[in-house]
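Here is the structure we will look at.
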Amino acid sequence: MSPWLQRPNILITGAAGYMYDLMLPTVSVNTDARNSGGSVVAALLSENTHFLENKLFAAVRTEEQVQALQPLDINVLQLNLQDEQKVVEIVLQNEIDIVVHIASSIDFRLALYLVLALGKRRAVTAKDTYFIHALTPGQSSVTTGYSKEGGWPYGTIKDGDKVYKLEKELNDGFPIRVTNTAITELAKEQRVTSFIVGVPFLSQNIPATVKASMKLKAVYKFDEDSNFAAVHISDLAEYYVLFIKKILQGEKLPSGEVGYYFSVAHEAGWWDMTASLATVLYDRGLVTKPTVQIWPSDDVAADALDLPRQFVRLMHTARVTIDYKNGYPLGWQPKWDEHRLLANMAEEVNTSLRYDKGRTTLFDTLKPTN
């Protein structure tokens, strides 16, 4: 029997969100649908990784999202992550041993239900189970969560630092820090191997800004610049693939209280990015001026960008506090830097224009439901 047939099943949550909608041009896979849909799912299915379709499970919220992922020939599950009983049922029935949780960092219950399910799976099989939690792009990114503007008083951090201890000591109720500590503690209790991966939010900000700019016929920025911790979506997808490969190869990666990682490839100035966006959008006739305007108020920005009022300024003005320059984690070698990103802004706009309006966002958990 091929060793790949013995590999554990992997569940990816948030598969219909930013990790699917944004293009991943470096991925080479066998169908047109895979070539056009870039994601960690597509990266796992690339010819260079040898993951099998029947070992991959993607959790999405709506039937529309199920249909969107069907061409990838993986197992697509329509799942409400707020339903603890159903989450446990899905994990046990499908024999899931690894979960990559990209869906949300704000509502900690979603992560905890998955960890509990993996704990039950481990109790049944006596085999190790793994939970990889991504600090989802947006309000919960590494820039906001570990910046002075986001209430982080400890300054610069890096892979290997005792971030859990600092978050526990701070205990300030900031959403991602609550989620991180809750995951780490429950995973320890359930004997699930857990990892926290800090992800910049650059890729999600571009589509939101493009959409708002087209609506307002102008590109806007805040009156304060930001130096973002950044990563291109293709590099981020490869990061997850590398992480999963190391688990499958049996490497004992630092986990739990010492299992914090930061997928920061470079820094990027938000004002420079909006200037590039303004040029591209003006050349296409999508805005009326090639120059960038200042948001008249945080309320206007929040409405236009469809972001919570309490987070919108923080998301666009927080400054990088992650030390990544002494080497990337896990042997990761990102291919994109700020220069390449700015030089390819036209393609980023193309990607944004294809962005799925029906995607799941991390802010859905903040919106009231009927």
Tell me, which helices (runs of 4 or more DSSP H) lie completely within region 147-227 with 1 or more residues that are in contact with a Pro (Cβ under 6 Å, 6 or more places away or on another chain)?
202-216
Just checking, which of LEU52, LEU81, LEU56, LEU72 is on the phi < 0 side of the Ramachandran plot and modelled with pLDDT of 90 or more?
LEU81
Identify all residues within region 311-351 that are of a type in the set (Gly, Ala, Ser) and at pLDDT below 80; write none if there are none.
GLY327
Just checking, how many residues over region 189-247 are among the acidic types (Asp, Glu), buried (at least 23 other Cβ atoms within 10 Å of the Cβ) and at pLDDT 95 or above?
0
Touching a residue at least 40 places away in the same chain (Cβ under 8 Å), of a type in the set (Ser, Thr, Tyr) and within 25 Å of ILE157 (Cβ to Cβ): is that true of TYR261 in this structure?
yes
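Table: residues versus (1) of a type in the set (D, E, K, R); (2) touching a Phe, Trp or Tyr at 6+ places or on another chain (Cβ under 7 Å); (3) without any contact (Cβ under 8 Å) to a residue 40 or more places away in the chain.
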| position | (1), (2), (3) |
| --- | --- |
| GLN85 | no, no, yes |
| GLN93 | no, no, yes |
| ILE96 | no, yes, no |
| ALA103 | no, no, no |
| TYR113 | no, no, yes |
| TYR130 | no, no, no |
Just one of the numbered conditions (1) charged (D, E, K, R); (2) surrounded by fewer than 21 Cβ atoms within 10 Å (Cβ to Cβ); (3) modelled with pLDDT under 95 is not true of ARG177; which one?
(2)
Given the conditions (1) under 19 Å from LEU56 (Cβ atoms); (2) at pLDDT below 95; (3) of a type outside the set (A, V, I, L, M), and given that TYR130 satisfies all but one, which numbered condition is not satisfied?
(2)
All but one of (1) polar (S, T, N, Q); (2) modelled with pLDDT of 95 or more; (3) under 21 Å from the mean Cα position of the chain (by Cα) hold for SER140; which doesn't?
(2)
Suppose we filter region 178-231 for residues that are in contact with a His (Cβ under 8 Å, 6 or more places away or on another chain) and among the hydroxyl-bearing types (Ser, Thr, Tyr); how many remain?
4
Please go through region 248-298 and pick out each residue that is within 27 Å of LYS325 (Cβ to Cβ), of a type in the set (A, V, I, L, M) and in a helix (DSSP H, G or I).
VAL258, MET273, ALA275, LEU277
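The values are calculated or read from the model by the stated rules, or taken from the named source; none is laboratory data. All figures in this text were calculated on a predicted structure; none of them were measured in a lab. Every residue, glycine among them, receives a Cβ derived from its backbone with ideal geometry; neighbour counts consider all protein chains shown.
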